[in-house]
Amino acid sequence: MKPEQLVERLKQELPNPSFTWQHDKKTDRMRLNHTGLNKGMEISLPEILAKYEMKKDLAIQEVVYTISQTFEAMEQETKGLTKSTSHIYPVIRSTSFPLKSNEGHAFVVTDHTAETRIYYALDLGNTYRLLDEQMMSQLNITDSEMKEAARFQVRKLSTDMKEDHVAGNIFYFVNANDGYDASRILNEQFLKDMQTKITGDMTLSVPHQDVLIIGDIRNEAGYDVLAQLTMHFFTVGKVPITSLSFIYEDGELEPIFIMAKNRVQKENNDK
């Protein structure tokens, strides 16, 4: 599929008379504007085409859903929808994620690791809207109130997991598909509880928005499996974050390439 064909396909899937389409062929980016809202969004066509090669029509369905939900959130915001702090959650993004909205408003963020950054979202039901400074003033809440509310809300999210055993190692997957799976990495009590049941190295991975992988790594082969797992999830995720995993110890996160294999080698030598 060529970029022009992709644009035409999206127009067919999103036949909203309020939409205007602008395809910049030099940058291969498409600007989609909603004339009723006087707002819009930009889409990178090569990224969608790359996913189309792997996932075919599913990739189209995903981007159509994302566009629809984004404009629905904008419509709700324009109608003056107000939410209490109980609808604010933290979300994890890559440090390469934009720091400003398409309208040029700075998002509210907190540093996390060298690979990840914390953003904050107003939950709107089927979707959410990342909070920027303008929205903060509309909601009439302070920065500290918002961040405290988000820390409280993430502790209320379910922590149901699936478990998989590979080569003597155990991997736990949090995949509730509620938009906040990666956010569970900020639930400190949950991580501490998991640490008590892990006998090897505890690793944490957030390859994309909709999964948190917790590893009980008991041998060197476990790190090879983990690397393959995270890279796979990173490439198929709708909102990729990082293919890099972290060692979790004493409430701190350390990049896996700094500590992991050295530690396993040291433990083997001690034995």
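The values are calculated or read from the model by the stated rules, or taken from the named source; none is laboratory data. The model shown is predicted, which means the values in this text are computed figures rather than measured ones. Cβ atoms come from the backbone with ideal geometry, glycine included; neighbour counts cover every protein chain shown. SASA here: full protein model, heavy atoms, side chains in, ligands and nucleic acids out. Shrake-Rupley method; radii C 1.70, N 1.55, O 1.52, S 1.80 Å.
Between Lys197 and Asn177, the modelled labels are 2.3 nm apart [label points 7 Å from Cα along Cα→Cβ]. Structural descriptor for the chain: relative contact order 12 percent, calculated from alpha carbon pairs under 8 angstrom and at least 6 residues apart. Residue ranking by accessible heavy-atom surface, 1.4 Å probe, largest first, among Ser144, Ser205 comes out as Ser144, Ser205. Here the chain has 48 percent of its accessible surface on carbon and sulfur atoms, given a 1.4 Å probe and all protein chains in place. Multiplying the residue separation of Thr27 and Glu252 by 0.36 nm and removing their Cα-Cα distance gives an extension gain of 77.0 nm. Magnitude of the charge dipole for the chain, about its Cα centre and with charges confined to Cβ atoms of Lys, Arg (+1) and Asp, Glu (-1), is about 500 debye. Relative contact order of the stretch 55-175, please, whole-number percent, based on alpha carbon pairs below 8 angstrom and at least 6 residues apart. The value is 23 percent. Here the calculated FRET efficiency for Ser44 and Ser137, from their Cβ-Cβ distance with R0 = 30 Å, stands at 0.50, rounded to the nearest 0.05. Under 14 Å from a label point set 7 Å out along the Cα-to-Cβ vector of Glu4, the amide N atoms of the stretch 14-40 belong to 23-26.
List the relative contact order of the stretch 1-82 as a percent without decimals, with contacts defined as Cα pairs under 8 Å and 6+ residues apart. Don't skip to the end; give the middle numbers.
On the way: 72 pairs, mean separation 18.7, N = 82.
Once normalised by length, the contact order is 23 percent.
What order do Arg29, Arg184, Arg117 take when sorted by accessible area (1.4 Å probe), most exposed first? Intermediate values should be presented prior to the final figure.
Values: Arg29 90, Arg184 0, Arg117 40 Å².
The most accessible residue leads, giving Arg29, Arg117, Arg184.
Extension gain, Thr235-Tyr65: 0.36 nm per intervening residue step, less the Cα-Cα distance, totals 59.3 nm. Label reach from Asn102 (point 7 Å along Cα→C-beta): in the stretch 19-33, amide nitrogens under 14 Å belong to 19-24, 29-33.
Could you put Glu47, Glu249 in order of accessible surface area, largest first, with the 1.4 Å probe and the full protein assembly present? Could you put the intermediate results ahead of the total?
Details: Glu47 125, Glu249 80 Å².
Sorted by accessible area, descending: Glu47, Glu249.
Residue pairs exceeding 32 angstrom between C-alpha atoms, taken from Lys26/Lys100; Lys25/Lys147; Lys56/Lys162; Lys26/Lys147; Lys25/Lys238; Lys55/Lys147: Lys25/Lys147; Lys26/Lys147; Lys55/Lys147.
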